[in-house]
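Report on one structure; see the data block that follows.
The values are calculated or read from the model by the stated rules, or taken from the named source; none is laboratory data. None of these values were measured; they are calculated from a predicted model. Quick reminder, even Gly has a Cβ in these numbers, built from the backbone with ideal geometry, and neighbours come from all protein chains shown.
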There are 2 protein chains.
Amino acid sequence: MSNISQLTINGERLWQSLMDLAKIGATPKGGNCRLALSPLDGQGRDLVVGWMKAASLEITVDQIGNIFGRRPGRQPSLAPVATGSHIDTQPTGGKFDGCFGVLAGLEVMRTLNEQGVETDAPLELIIWTNEEGTRFVPVMMGSGAFCQVFPLETALSAIDVEGKAVRDELVNIGYAGTAPVPSHKIGKYVEAHIEQGPILEAEDKVIGVVTGSLGLRWYNLTVTGMEAHAGPTPMPLRRDALYAATHLMQAVVEIAQDYAPQGRGTVGVVDVFPASRNVIPGRVSFTVDLRHENADRLADMDARLRQACEALSDGSLCGYRVDVDLHDVQHFSPTPFSSELVDAVSQQAQQRGYSHMPIVTGAGHDAVFMATVTPTAMIFVPCKDGISHNEMEDARPEHLEAGANVLLGTLLAHAGVAHSRHP
Amino acid sequence: MSNISQLTINGERLWQSLMDLAKIGATPKGGNCRLALSPLDGQGRDLVVGWMKAASLEITVDQIGNIFGRRPGRQPSLAPVATGSHIDTQPTGGKFDGCFGVLAGLEVMRTLNEQGVETDAPLELIIWTNEEGTRFVPVMMGSGAFCQVFPLETALSAIDVEGKAVRDELVNIGYAGTAPVPSHKIGKYVEAHIEQGPILEAEDKVIGVVTGSLGLRWYNLTVTGMEAHAGPTPMPLRRDALYAATHLMQAVVEIAQDYAPQGRGTVGVVDVFPASRNVIPGRVSFTVDLRHENADRLADMDARLRQACEALSDGSLCGYRVDVDLHDVQHFSPTPFSSELVDAVSQQAQQRGYSHMPIVTGAGHDAVFMATVTPTAMIFVPCKDGISHNEMEDARPEHLEAGANVLLGTLLAHAGVAHSRHP
């Protein structure tokens, strides 16, 4: 039997698979466009499913088009230990977001086959449908339906801007499966992914041990003052909605700074009315995105934001009164990952000599939904300049190889290594 | 001969003329829509020109459609002492902006006729073409062409959004005159207008003695940071273009506050890129409008703005570096009005017992262009809540009457009262 702790995947083959998949829907600037359930998504699925079959995985497709490739274990009654991600992309997406997780899992299967490693529990490689959510919402559709975050019917009925339905597009690309949703229980779930942020690069670490996902609160804010002509209206007689609103926009950022390192605060969209060069704005609407990994801290940040709204409203923040309307749009609680699996990822990185650090995911992933139904963890590797959802998205082969090796070790540690066919 | 200093106009007739003109292009909310050179503008012109003819004024129309109604003086060789304004409106404009100045001038003519007052210099009532500039630019088109601020051809060639040219629309409404532009010299010019701002109301004054117009500097600013995903990007690694830009937006207001009472600073339009709820803005563009009545102070404000841009650029204003691009869009110098005429307006208000105060105009007016070629003054009266360019625009009959009386006295003081036919 091979020394399991020394088993490594084939980094060159992993890279080649990533580059081969990236040829489907390649964009001129080096990125990828394979929108969920488009013909190109179908071609991508066909390519990867072909590879999965070549690796002797047993393929199941469920009614929302999720693809499960099972590598049998010696104890078929055990729930599978699974990995996976997605291969749909943003309209101007990169080669690595999602694809790395799927092909790292494939590379693990190929390696185990080559090395004759059997596991007690079955292993499973999953391709989730429509993680990106740019063509059809809800986002993270396949994993969300699987985890019963929303009804299957909601997902199947979703339509794109041309009025095409998920249900029909699944048929068109040949992935309208018959397995129920959810089809079966997953014992454990580990997903590898590029970080999509700048932390690992800034800290010069190879592996991010993901401890959970940030909680999120989305708001719409509207500040109403008094529209007036910019020329004739002296400063003391103004109720400039934009000047007032800038105080809240700054508060959003400064609240997040006060809850470092995991606080996040972003104003992403601003709408000024009437938007004329020589008219003092009478109304400003903007979005607020607050995040934290700790539910209590996130509640504190929420309270601070509401206090700032009151201080702006009563005139104490900018010297005059304005109306402030705060509307709650959406709310996700922080999702801690399985401490047992998180520890296993950390140990694998440590044993294999990869620099590593704990990190939280601020972006949504299929793993965040999976964590609501089964023990889950994620493995992050750096991406260049933290850039993702962009054709410039890039990652280094040695980092991807390291991430796949940690995935290999983590899956084996939990599936139970029963036997090697090449002693 | 009547006691000239006691002559007063007929306030009820002035009000009735305003209400009669306001029936043409009346809007459901009580405002007016007579866009420049539209059929409704033509109907408005016809109504007022009819009144002018009834008041025995000699009508001349020039090539840009400006209408001059002359009341002869005893010394025809003297340049006329003129008054006037415009009767075109904003799309959702009010009954008083412009129309008050024209109909106050008409009321002066009617009163002098009734009282048999002759003047040495001719008097003239002018209706300027397209002051508002909402359908055709340049704004203040008729007076601008008359004062040779831009070539006549520029004005005639201007097209609206439907591609219709000023030249053709003048013909269509019957106001393509033959007099050259400029047709003749104006000796002095006094324009009555609603304030379009809140100062007179706030100070409880009836007459604003306008000392000149604010200088104006328009800029486009662009702040470029780094676009990034709002979730995975920790606060210290961000280069949020919007958070950075809010510091400049606040600086614009605070610079103007530091140059009270005549400083003005406004950010009216804001454009955030990429404008997604969960993306940190990578680029923010916005407009800046700075004004002051004193050219040196306006230059100081400009310097302060440029300093703020540098401080933002080098990271000292918000803690990280961004690119700041400042683009000069337009620049008008402050225009002081004729001190002789300004004093005359003040004396008339004083003699007639109207509360009054010096004021500057922050808005553009035909008088501001006229001041570049001839001694000029303006008379302001309050408007309700300072609101203008709005169907809610309102003014009190007794204030309009007072303004027209001050106009009467000021014109007579400069035209020379030669004779009364009713001794």
Would you pick out the residues in the range A:354-394 that are more than 12 Å from chain B (Cβ to nearest Cβ) and in a loop (DSSP other than H, G, I, E, B)? A:TYR354, A:SER355, A:ALA371, A:THR372, A:VAL373, A:THR374, A:PRO375, A:GLU391, A:ASP394
Kindly indicate whether any position in the range A:118-133 is modelled with pLDDT under 95, touching a strand residue (DSSP E or B) at 6+ places or on another chain (Cβ under 9 Å) and closer than 27 Å to B:SER276 by Cα. yes
Mind checking which residues of the range B:177-186 are crowded, with 19+ Cβ neighbours inside 10 Å and within 14 Å of B:THR129 (Cα to Cα)? B:GLY177, B:VAL181
Report yes if A:GLY197 is crowded, with 23+ Cβ neighbours inside 10 Å, in contact (Cβ under 8 Å) with a residue 40 or more places away in the chain and within 24 Å of A:VAL267 (Cα to Cα), otherwise no. yes
Residue hits (the range A:7-53; within 14 Å of A:LEU112 (Cβ to Cβ) and either surrounded by fewer than 18 Cβ atoms within 10 Å (Cβ to Cβ) or of a type in the set (Lys, Arg) (or both)) are A:THR8, A:ASN10, A:ARG13
Would you pick out the residues in the range A:286-322 that are within 14 Å of another protein chain (Cβ to nearest Cβ), out of contact with any helix residue (DSSP H, G or I) (no Cβ under 7 Å at 6 or more places or on another chain) and assigned to a helix (DSSP H, G or I)? A:ARG297, A:LEU298
Any hit, the range B:364-385, residues being touching an Asp or Glu at 6+ places or on another chain (Cβ under 7 Å), crowded, with 18+ Cβ neighbours inside 10 Å, among the polar types (S, T, N, Q) and not assigned by TED's automatic domain parsing to the domain that holds B:ALA308: no
Just checking, does the range B:162-185 include any residue being within 28 Å of A:ASN278 (Cα to Cα), in contact (Cβ under 8 Å) with a residue 12 or more places away in the chain and aromatic (Phe, Trp, Tyr)? no
Within the range A:304-356, of all residues that are under 20 Å from A:THR374 (Cβ atoms) and acidic (Asp, Glu), the one surrounded by the fewest Cβ atoms within 10 Å (Cβ to Cβ) is A:GLU340
Inspect the range A:59-68 for any residue being in a loop (DSSP other than H, G, I, E, B), over 13 Å from A:GLU131 (Cα atoms) and of a type in the set (A, V, I, L, M, F, W, C) and give the result as yes or no. no
Of all residues in the range B:104-136, count the ones that are part of a loop (DSSP other than H, G, I, E, B) and closer than 18 Å to B:TYR175 by Cα. 8
Among the residues in the range B:336-353, are any assigned to a helix (DSSP H, G or I), modelled with pLDDT of 95 or more, outside the structural domain of B:ALA104 (by TED's automatic domain parsing) and over 24 Å from the mean Cα position of the chain (by Cα)? no
Unique match (being buried (at least 23 other Cβ atoms within 10 Å of the Cβ), small (Gly, Ala, Ser) and facing another protein chain (nearest Cβ under 10 Å)) among B:ALA155, B:ALA192, B:ALA228, B:ALA202: B:ALA228
I'm checking my understanding of the structure. Among residues of the range A:236-253 that are under 12 Å from B:ALA256 (Cβ atoms) and touching a strand residue (DSSP E or B) at 6+ places or on another chain (Cβ under 7 Å), which one is farthest from the other protein chains (Cβ to nearest Cβ)? A:ARG238
Of the residues in the range B:254-285, how many are at the interface with chain A (Cβ under 8 Å from one of its Cβ atoms), surrounded by fewer than 21 Cβ atoms within 10 Å (Cβ to Cβ) and either in a helix (DSSP H, G or I) or not polar (S, T, N, Q) (or both)? 6
Matching entry among A:VAL223, A:VAL210 (being buried (at least 18 other Cβ atoms within 10 Å of the Cβ), within 14 Å of chain B (Cβ to nearest Cβ) and more than 24 Å from the chain's Cα centre (by Cα)): A:VAL223
B:GLY116 meets each of (1) in contact (Cβ under 8 Å) with a residue 60 or more places away in the chain; (2) buried (at least 23 other Cβ atoms within 10 Å of the Cβ) with one exception, condition (2)
Any hit, the range A:166-173, residues being in contact with a strand residue (DSSP E or B) (Cβ under 6 Å, 6 or more places away or on another chain) and surrounded by fewer than 24 Cβ atoms within 10 Å (Cβ to Cβ): no
Given the criterion closer than 20 Å to B:TYR189 by Cα, at pLDDT 95 or above and of a type outside the set (Val, Ile, Thr), identify the matching residue among B:ALA308, B:ALA363, B:ALA404, B:ALA395. B:ALA404
Could you tell me which numbered condition B:ASP46 fails, if it satisfies all but one of (1) outside any loop (DSSP other than H, G, I, E, B); (2) in contact with an Asp or Glu (Cβ under 6 Å, 6 or more places away or on another chain)? (2)
Considering only residues that are out of contact with any helix residue (DSSP H, G or I) (no Cβ under 7 Å at 6 or more places or on another chain) and without any contact (Cβ under 8 Å) to a residue 24 or more places away in the chain, which ones fall in the range B:134-156? B:VAL137, B:PRO151, B:GLU153, B:THR154
